[in-house]
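In what follows, a single structure is set out as structure tokens and then discussed.
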Amino acid sequence: MTETAPVAFPQDRTCPYQPPAAYAPLRATRPLSRVTLYDGRPVWLVTGRDTARALLADPRLSGDRTRDDFPAPTARLSGVKRRKTALLGLDGAAHRVQRRMMVPSFTLRRATEMRPRIQRIVDERIDAMIAQGPPAELVNAFALPVPSTVICALLGVPYSDHDFFEGQSTRLLRGPKAEDVVDARDQLEEYFDDLIDRKRKQPEPGDGVLDELVHRQLRDGELNREELIALAIILLVAGHETTANMISLGTYTLLQHPDKLAELRTDPTLIPNVVEELMRLLSIADGLLRIALEDIEVAGTTIRAGDGVVFSTSVINRDEDVYADPDTLDWHRPTRHHVSFGFGIHQCLGQNLARAELEIALRTLFDRLPALRLAAPADEIPFKPGDTIQGMLELPVTW
């Protein structure tokens, strides 16, 4: 493998749907490169698709964030690194137990059954936008409330609390300071601790996922309270943050590709392919973290025990050995094998639900608002920095 000067990771994008320009050398030296984190720690960055899939499925890489040597991508996230994290932060048998509990709630069948409900939520939000009249700020009017409402309904979390948990989710993921992240985690833990008590006192359980966990797994000792709170936090935060960012950034990207958008409007049956290609191109969760438990030989290189390993999805999903002309938006290419949902045992549990939400939200938005367009110059619309989930900070639109 050819060595290059270390690149700092992560970095900000200059275009919201393209990787940072500084990552160009990493693409040239795939499938592995050396980069440095905020504290100067050198880690391995995985940039090749096949190598990424092999390593993400390798049990010698751990997602256990409670380890002292687990890599932290930013200073503000180092403060919660040792907090217990459900699913993503568990390995082996502990992970299998939790995932087995959750799989029935996130199957393709369950997502399909929820489509009519998702459609009603999407229509209600667009009705409200139309009633108010243009212009609108799409993040807060549509992209955020749609997945927030859906995940609340699925989990059994009162949507009336959405201002609280959306605010704390923002602080948890973006700070701006380490103490903000720690405090946000504390507040979410207190919120779910109280919600669990309220659900336990109900004579009959509700129909949400958390009701099932409280009245069965918690009662029967399959989960303890700390584990249930950690599980609730990751389901709620991941369940609305990632999809909200995909809706906002996906809308922005389509509006920046009018010829492609015209094709979608002509043939709405393309929407599953459109969503899949947008997930590949946008790669909003750019920087999956692992720690090596043993020496691993891969691609002519030895990853040593204790080495940090980071997976750059924005580079992996543009591997030129897999995708022709990878920087272009082309939903006629085969893209199902991207790693935007991860791979292996930690592959995103909610991907079926996310696909359903994105397909319904984007198809309906452009169908009901055929004249939808940006209400500000594209290069003046702010988007998120590179050290968090990628997406638009705001998206002014008109129609």
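The values are calculated or read from the model by the stated rules, or taken from the named source; none is laboratory data. On a predicted model such as this, the values are computed, not experimentally measured, just so you know. Glycine gets a Cβ as well: all are built from the backbone with ideal geometry, and neighbour counts include every protein chain shown. These area figures cover heavy atoms from the full protein model, side chains too; ligands, DNA and RNA do not enter into them. Shrake-Rupley method; radii C 1.70, N 1.55, O 1.52, S 1.80 Å.
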Given the Cα-Cα distance of Arg120 and Asp197 and 0.36 nm per residue of separation, how much length would full extension add, in nm? 24.6 nm
With the chain treated as a Gaussian network of Cα nodes joined by springs under 10 Å, which of Pro135, Pro385, Pro19 yields the largest mean-square fluctuation? Pro135
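Translational diffusion coefficient, Stokes-Einstein: compute it for region 182-236 using the Kirkwood radius over C-alpha pairs as Rh, at 20 °C and 1.002 mPa s, and state it as an integer in µm² s⁻¹.
It diffuses with D of about 190 µm²/s by this estimate.
With both partners inside the chain, how many of the DSSP beta bridges are antiparallel, as a percent to the nearest 5? Working shown, then result.
Working: 19 of 24 bridges.
Around 80 percent antiparallel, to the nearest 5.
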Alpha-carbon spread of region 44-125, three principal axes, descending order, Å: 46, 30, 29
Using only the heavy atoms of the protein chains and a 1.4 Å probe, how would Phe165, Phe343 rank by accessible area, largest first? Phe343, Phe165
Gain in span if fully extended, Thr170 to Ala28, counting 0.36 nm per residue against the direct Cα distance: 47.7 nm
Set Lys and Arg Cβ to +1 and Asp and Glu Cβ to -1, take the dipole of the chain about its Cα centre, and tell me which of Ile234, Val298, His332 lies farthest positive. Val298
What 222 nm value per residue comes from the helices of the chain, counting each DSSP H run with n ≥ 4 as -39,500 (n - 2.57) and dividing by all residues, nearest 500 deg cm²/dmol? -14000 deg cm²/dmol
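Return the inverse of the average 1/r over all pairs of distinct C-alpha atoms in region 1-139, which is the Kirkwood hydrodynamic radius, in Å to one decimal. Spell out each step's value before the answer.
On the way: mean 1/r = 0.0518 Å⁻¹.
So the Kirkwood estimate lands at 19.3 Å.
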Using a 7 Å offset from the Cα along the Cα-to-Cβ direction at both Ile130 and Thr66, what is the distance between the two label points in nm, to one decimal? 5.2 nm
Choice from Leu358, Leu235, Leu218 showing the highest fluctuation, given a GNM over the chain with Cα pairs closer than 10 Å: Leu218
Which net charge results when you count Lys and Arg as +1 and Asp and Glu as -1 among the other residues whose beta-carbon is under 14 Å from that of Ala244? -2
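May I ask you to give the solvent-accessible area per residue for the chain, in square angstrom, as obtained with a 1.4 angstrom probe?
42 Å²
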How big is the charge dipole of the chain about its Cα centre, in debye rounded to the nearest 20, if each Lys and Arg gets +1 on its Cβ and each Asp and Glu gets -1 on its Cβ? 540 debye
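Considering only protein heavy atoms and a probe of 1.4 Å, how much of the accessible area of the chain is carbon and sulfur, as a whole percent?
51 percent
Just flag the GluC sites (Glu not before Pro) in region 236-340 sitting in loop per DSSP whose Cβ has no more than 14 other Cβ atoms within 10 Å.
Glu294, Glu320
Tally Lys/Arg at +1 and Asp/Glu at -1 over every other residue whose Cβ is under 11 Å from the Cβ of Lys260; what's the total? Spell out each step's value before the answer.
Values: positive: Arg265; negative: Asp259, Glu263, Glu277, Asp330.
That sum, taken over residues with Cβ under 11 Å, equals -3.
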Taking R0 as 41 Å, what FRET efficiency do you get between Glu294 and Ala371 from their Cβ-Cβ distance, rounded to the nearest 0.05? 0.10
Farthest towards the positive end of the dipole of the chain, among Val35, Thr266, Ile196 and with Cβ unit charges of +1 on Lys and Arg and -1 on Asp and Glu, lies the Cα of Ile196
Largest to smallest accessible area among Glu212, Glu227, Glu166 [probe 1.4 Å]: Glu212, Glu227, Glu166
FRET efficiency for Thr301 and Asn140 from the Cβ-Cβ distance with R0 = 51 Å, rounded to 0.05, comes out at 0.65
With all protein chains in place and a 1.4 Å probe, Arg115 shows an accessible area in Å² (nearest 10) of 70 Å²
Pairwise label distance in nanometres, Gln347 with His332, each label 7 Å out on the Cα-Cβ vector: 2.8 nm
Please work out how much length the chain gains when fully extended from Ala57 to Arg109, using 0.36 nm per residue of separation minus the C-alpha to C-alpha distance, in nm with one decimal. 16.2 nm
Taking N as the number of residues in region 96-240, what is its Cα Rg relative to 2.2 N^0.38 Å? 1.13
Could you give the nm distance between label points at Arg96 and Glu190, where each point is 7 Å from its Cα heading toward the beta carbon? 3.9 nm
With 27 Å as the limit, write out which pairs from Lys260/Lys384; Lys177/Lys199; Lys177/Lys201; Lys177/Lys384; Lys199/Lys384 have Cα-Cα distances beyond it, or answer none. Lys177/Lys199; Lys177/Lys201; Lys199/Lys384
Once each part is reduced to its C-alpha centroid, what is the distance from region 351-380 to region 59-88 in angstrom? 34 Å
Below 8 Å, C-alpha to C-alpha, sequence gap of six or more: please give me the relative contact order for the chain in percent. 27 percent
What FRET efficiency comes out for the pair Glu226/Trp399, r = Cβ-Cβ distance, R0 = 30 Å, nearest 0.05? 0.05
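Report the net charge of residues surrounding Leu393, where surrounding means a beta-carbon distance below 15 angstrom and charges are Lys +1, Arg +1, Asp -1, Glu -1.
Overall, the nearby charge balance is -4.
Taking N as the number of residues in region 258-399, what value does Rg over Cα atoms divided by 2.2 N^0.38 Å take? Could the numbers behind the result be given before it?
Numbers: Rg = 17.9 Å, N = 142, 2.2 N^0.38 = 14.5 Å.
Here the answer is 1.24, to two decimals.
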